[in-house]
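The structure under discussion appears below in the form of structure tokens.
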Amino acid sequence: MTHSLRFDALRSAYRTGVLTPVEVVDQVLRTIAARGEDHVWAFVADAEALRQRARTLAARMHEIDRLPLFGLPFGVKDNVDVAGSPTACGCPTYSRTPELSSQAVQKALDAGAIFIGKQTLDQFATGLNGTRTLGGHCRNVFDADYIPGGSSSGSGVAVAAGLVSFSLGSDTGGSGRIPAAMNNIVGVRPSIGRVSTKGMVYNNRLFDCIPIFASTVEEAYVVLDVISGADSDEPVRPWGPGAGTRNAPADGMFHFAIPNQLEFFGDTTSAECFAQAVARLKGLGGSCVEIDLASYHEAGRMIFESGLVAERVASYGDVLHASPQQLVPTVAAILMRARKYTAVDAFNAMYRLAELQSEFARQFQNIDVLVTPTLPRPYTVREMLEEPLVRNAEIGYYTYGVGPLDLCAVAVPSALRPDGLPFGVSIIGRSGSDDLLRDLGRRFEAATGIPPGVAALR
């Protein structure tokens, strides 16, 4: 019998003695083995080491109330360090084995979680589609012909398929939200600075973050509560949480904005799904206005079309000359383009980004959140491979602006389309409004009523 890995179900089973942590580990390992080479895992921990971790936890059952992640299996994207496990970013010659775990991972372990393994990604977390890999990519849990979403592809698929209770990924321009939308789960991108990013391989250190994938909004934010906290050894980041913090309105009423020009790249079904989501939010007490997202989109494009992209060369650019044959061609092309930017280009990009942040902050003055589709429409693997740069930019149309503008977001399932694919929306707030997003996300999720991940297929 396969038991649910959902948080409450698993903790209840532990309390009543229906399950032990060792039995859960064995179930996870059996499920992984039964799926065969599904390209979800870059590395799976040693089975006996996992069982020993589980036995140690079982001896601490009396502490379950103070260990919020007790016995929950989880995975980590392969650009975030876990002590004793390789960090390769999808490139074998880059691989290294760190002695220390990132603070986010260590906090999850300290809270009782069981680390199962490292999860696959678009190489060096460069991409939003999940196909920029060597030797094959993982599959969308609803339809293998469609992209799984990236770059945290393995992390999103593992949660949606029920292989783990939650996953930690990375998010520069949407990597913590696109896989969630494509696989019918929740993805939380926290406020910049709320979770330490020390121990991850950066694309843009100023606005990279560690997001959480989980089956529900509340489960994701339970993990966020655990892994939050600054690292004393991490350099001070220029943008931190707290500015313009807004909590959930006591009366349940809220003001939300949607784009005044919506883009679905020809997909009428997604347009209809979004209209239904807007109506649902209004039914929950939301008042809606439309705003111009020109500054939002310009800031988003800067991730790949300005001097900011040169930071990727600083982070892992040496691999371009050391082992170019082990780079996915699209990733190599981005690194080659990044080398052409100058220091002047980088400074000008930072100045322009500061202007755009101010412009967008003014638009946020009278609203609580921005609501958008998480991605405009689903994309097939074939479409991606035929035009990788064009399609990837389309996928990030609504997600790219969040990081550079110092915002936070939660991606939530919204509907199952007539073609059987999931559709999701993102609720986006200013830095520090994580609690507001938690409240609105839970309310929207309850009104939608869609089972998470593959459970929606039953």
Lys and Arg at +1, Asp and Glu at -1: neighbours of Gln357 with Cβ under 13 Å from its Cβ sum to -1
Taking the Cα centre of each part, how many Å lie between segment 331-353 and segment 432-458?
37
Take the Cα coordinates of segment 395-438, assign each an equal point scatterer, and use the Debye formula without solvent to give log10 I(q)/I(0) at q = 0.15, 0.24, 0.27 Å⁻¹.
-0.44, -0.85, -0.95
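How much net charge surrounds Ala125 when only other residues with a Cβ under 10 Å from its Cβ are counted (Lys, Arg +1; Asp, Glu -1)?
Details: positive: Lys77, Arg132, Arg312; negative: Asp78, Asp122, Asp171, Asp208.
Value of the local net charge: -1.
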Taking 2.2 N^0.38 Å as the expected size of a compact globular protein, what ratio does the Cα radius of gyration of segment 58-217 give against it, to two decimals?
0.98
Based only on Cα atoms, what mean projected area does the convex hull of segment 254-457 have, in nm²?
12.9
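Enumerate the helices in the chain for which the Kyte-Doolittle hydropathy averages 1.0 or more and the C-alpha atoms extend at least 24 Å along the helix's axis, using complete DSSP H runs.
Working: long enough: 343-363 (31 Å, -0.18).
Helix filter hits for the chain: none.
In terms of the Cα gyration tensor, with a ≥ b ≥ c the square roots of its eigenvalues, is segment 360-444 rounded because a/c is under 1.5, prolate because a/b exceeds b/c, or oblate?
Values: a/c = 3.08, a/b = 1.53, b/c = 2.02.
Oblate.
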Putting +1 on Lys and Arg Cβ atoms and -1 on Asp and Glu Cβ atoms, find which of Ser295, Cys408, Phe347 reaches farthest to the positive end of the dipole of segment 254-457.
Cys408
Can you tally the net charge around Ala257? Count Lys and Arg as +1, Asp and Glu as -1, for every other residue whose Cβ sits under 11 Å from the Cβ of Ala257.
-3
Range of Cα positions in segment 256-316 per principal axis (Å), largest first
48, 25, 20
Find the lysine pairs in the chain meeting two conditions, Cα atoms under 29 Å apart and a separation of 8 or more places or different chains, and report how many there are.
7
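Relative contact order, percent, of the chain when contacts are C-alpha pairs under 8 Å separated by at least 6 residues? Don't skip to the answer; put the middle values down first.
Values: 1031 pairs, mean separation 80.4, N = 458.
Relative contact order of the chain: 18 percent.
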I need the shape label for the chain. Rule: rounded when a/c is under 1.5, else prolate if a/b > b/c, else oblate, with a, b, c from the alpha carbon gyration tensor.
rounded
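Mean 1/r over all different Cα pairs, inverted: what Kirkwood radius does segment 30-100 give, in Å?
Values: mean 1/r = 0.0701 Å⁻¹.
Across segment 30-100, the inverse of the average 1/r is 14.3 Å.
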Among beta bridges assigned by DSSP with both residues in the chain, the antiparallel ones amount in percent, to the nearest 5, to 65
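All of the numbers you see were taken from the coordinates with simple rules; none came from a lab. Just so you know, these numbers come straight off a predicted model, no measurement behind them. Virtual Cβ from ideal backbone geometry, glycine too; neighbours counted across all protein chains shown.
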